Structure formats: C-alpha cells, structure tokens
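What follows is a short report on a single structure.
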Amino acid sequence: MAHDNNTVLVLGATGGIGGEVTRQLRQAGWTVRALRRGMAQPMKQEDGIIWLRGDAMDRQAVMDAAKGCSVIVHAVNPPGYRNWAQLVLPMLDNTIAAAKAEGATIVLPGTVYNYGPDAFSGPIGEDAPQQPVTRKGAIRVELEQRLEAASRNGARVLIVRAGDFFGPKAGNNWFSQGLVKAGLPVKAVSYPGNANTAHQWSYLPDVARTMGALLARRDRLEPFARFHMAGHRDTDGTQMSNTIRNVVARRTGTTPRVTAFPWWLLTLASPFVTTLREMREMRYLWQTPVLMDNAKLVAFLGHEPHTPLEEAVEASLEGMGCLGAAPMAVTA
C-alpha cells in the first residue's frame, strides 16, 4: 500500500508514553498526527503536530486519521482507569481495523501485568508464559492475542514491554502518584515494595527512544515483534528512593524520609475507588523481583537507550513540579 513512509498516528498523545513518543518521533523527522477528544475545531497544528478531533472509540474517526500512515501508536488508556473492561478492547479493535486498511505497523507499550508470579523466577523473556492474576492483566493478554492475530492478517505489530514508568510529565504511574505526589514538594518517599526486593523502572524518554529506534528499522522486524527493556533495575528496592532523596537534598537542602507505602489504606478505600482497587491488585508486582531480559533488544539495536538514574529522576521531579519552583513555561 502506498503511503508516506514516515507518517504516524498517535492515539493517547496527551498521556505519558503517548506524549513522549509524539515528541521524539516529531524530532526524528516524522509527520505526526494525533487524535484528541473535545477539540473546538476539527484540526489544528501545534508544535509541528497535526491534532485531529476524534475519539479512539469511534472507528471511522480512527480509520480517517490513519489514512496514509505507516505506523499507529496505540498508547491510549480509558480516562482515570474507569470502565477499563468495556473500553480497552473496542479501542484496540479500531486501531487494528485501521492498521489492516493501511498495511500499517501498530506499536503497543507493553506491561508486566500480563505475567503472574509463575514468570518471576528469573529475568522474563519475550516468550515467557502469560498467566495473569488480575482482571487488568487478563485484558492486556487478550489485547496482545488480538494483535498477534492481526499480524497474520495484514497488520504488523511492535510491542515494547517496560517496567514501571516515570518521567517529566506526571501520569497514571506509581512514581508520580505513589512514591511522590506531582506538584508538591517531596517531604517523604512512600515506597510500595518489600525490602530487598528488586524492581524495574523505565524512564519514559528512554522507552520512546527505543520505540523510535526500532521503528527506524521496522523493515527488519518480524510481523509480530516483541522486545523487553531492562530499564533501571533497582536491585534491592532502595535505589530509587535513595536517588529521589539525593536529588531533593541537593536541590532543596532538605532530605526527605522514606516511609512504607500504606497498602492498608488502599484496602480500606478500594471497594469505593476503582483506581485504588487496581493499585491494590498489582501489589504482587512489588512483593517479588520483577525484572525483564533485554538480550533480544540489545542484539537487534546494539544497545538499549538509557539515561543515568540520577539525571532521569531529577528531570522527572523537575517536570512534575516537585522541586520547589514551578516548572518553567516552554515557549514555542
């Protein structure tokens, strides 16, 4: 199918990973389109990105926006995690329909929710069995099964799986909602994990760079390509907290304390609040070492994009407005 080889549609461009991929592909010279709900006009151009009014739940809107695109980044999540079960799969089916029509590659940010505790005996490879123990994990597995089926029917698929996200733009992630609170000074770091338990973090700009590097070589990818990132491995569950403390102490002169995340509060509140219930269901991911094996990625790219932890944490706290002064306004 004839299409401009470097035109991409990003669904979820206002979210954490979607926004980061949008910026990085734009900088790499791609023509970037993004779908956004509730815009006043049908189309506007801003920061070199073509914003189109539309909803990922509307198949025709997705099909129209994807016309001529060689890549569709599917980074969309239901707002506030509400109605996950009802919305996630229909949105993906719309992306699949558009990708088949255009012969496009779908890029999906993968999660570790797909795995149950049986997978955690060592570093997790791309072919590890996916036996999830949560509702959300089961939906993520179904998502990837549908993508695999689509890859046999005219679409191509690239899944990049990474650990817990953190980055300069606050999003629905443990870093900005659990360990620290976006927009507030860091008085304490609330750590959800068990002592001496390894945990894997992924800096969003590194994840987006990895996706961009893989897309630049997509002609060499198999139709259903999956890659795992190693990201930042906190080998004993103290490195991330200590790095936050060091950055805050250096920038503000006060050293925050580290406290245990109050899981019991989630247990009390979770029958009433969907997000808290989802967070509580994921507790098993903090009680056992969860590390991914990036050998396949390194073999293919030659390296994994990796920002040093202290630099990544400082940029994240700065961007989230946790280091005192308000984040500087970026003028176009």
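Checked against the criterion of being open to solvent by less than 20 Å² (accessible area, probe 1.4 Å), over 25 Å from Gln177 (Cα atoms) and in contact with a Cys (Cβ under 8 Å, 6 or more places away or on another chain), region 9-19 has at least one qualifying residue.
May I ask you to list the residues in region 193-235 that are farther than 23 Å from Ala260 by Cβ and of a type in the set (Lys, Arg)? If the condition is that a residue be farther than 23 Å from Ala260 by Cβ and of a type in the set (Lys, Arg), then Arg209, Arg217, Arg218, Arg220, Arg226 are the ones that fit.
Please enumerate the residues belonging to region 247-267 that are over 25 Å from Leu285 (Cβ atoms) and out of contact with any Lys or Arg (no Cβ under 6 Å at 6 or more places or on another chain). Scanning region 247-267 gives Val248, Ala249, Arg250, Arg251, Thr252, Gly253, Thr254. Taking region 259-321 and the helices (runs of 4 or more DSSP H) fully enclosed by it, the elements with 1 or more residues that are of a type in the set (Gly, Ala, Ser) and at pLDDT 95 or above are at 295-301, 309-319. Test Leu92 against the stated conditions and say whether it is in a helix (DSSP H, G or I), surrounded by 23 or more Cβ atoms within 10 Å (Cβ to Cβ), in contact with a Lys or Arg (Cβ under 8 Å, 6 or more places away or on another chain) and at pLDDT 95 or above. The answer is yes for Leu92. Restricting region 270-297 to residues that are under 20 Å from the mean Cα position of the chain (by Cα) and under 30 Å from Ala216 (Cα atoms), the residue that is surrounded by the most Cβ atoms within 10 Å (Cβ to Cβ) is Met292.
Out of the strands (runs of 3 or more DSSP E) lying entirely within region 134-245, which hold 1 or more residues that are of a type in the set (Val, Ile, Thr)?
It comes to 156-161, 188-191.
Of the residues Ala198, Ala249, Ala225, only one is touching a Ser or Thr at 6+ places or on another chain (Cβ under 6 Å) and surrounded by 15 or more Cβ atoms within 10 Å (Cβ to Cβ); which?
Selected residue: Ala198, the only one of Ala198, Ala249, Ala225 that is touching a Ser or Thr at 6+ places or on another chain (Cβ under 6 Å) and surrounded by 15 or more Cβ atoms within 10 Å (Cβ to Cβ).
The values are calculated or read from the model by the stated rules, or taken from the named source; none is laboratory data. Predicted model only: the values in this text are computed from it and were never measured. With ideal geometry, Cβ positions are generated from the backbone for all residues, glycine too; neighbour counts draw on all protein chains shown. Accessible surface is based on the protein model in full, side chains and every heavy atom, while ligands, DNA and RNA are left aside. Shrake-Rupley method; radii C 1.70, N 1.55, O 1.52, S 1.80 Å.
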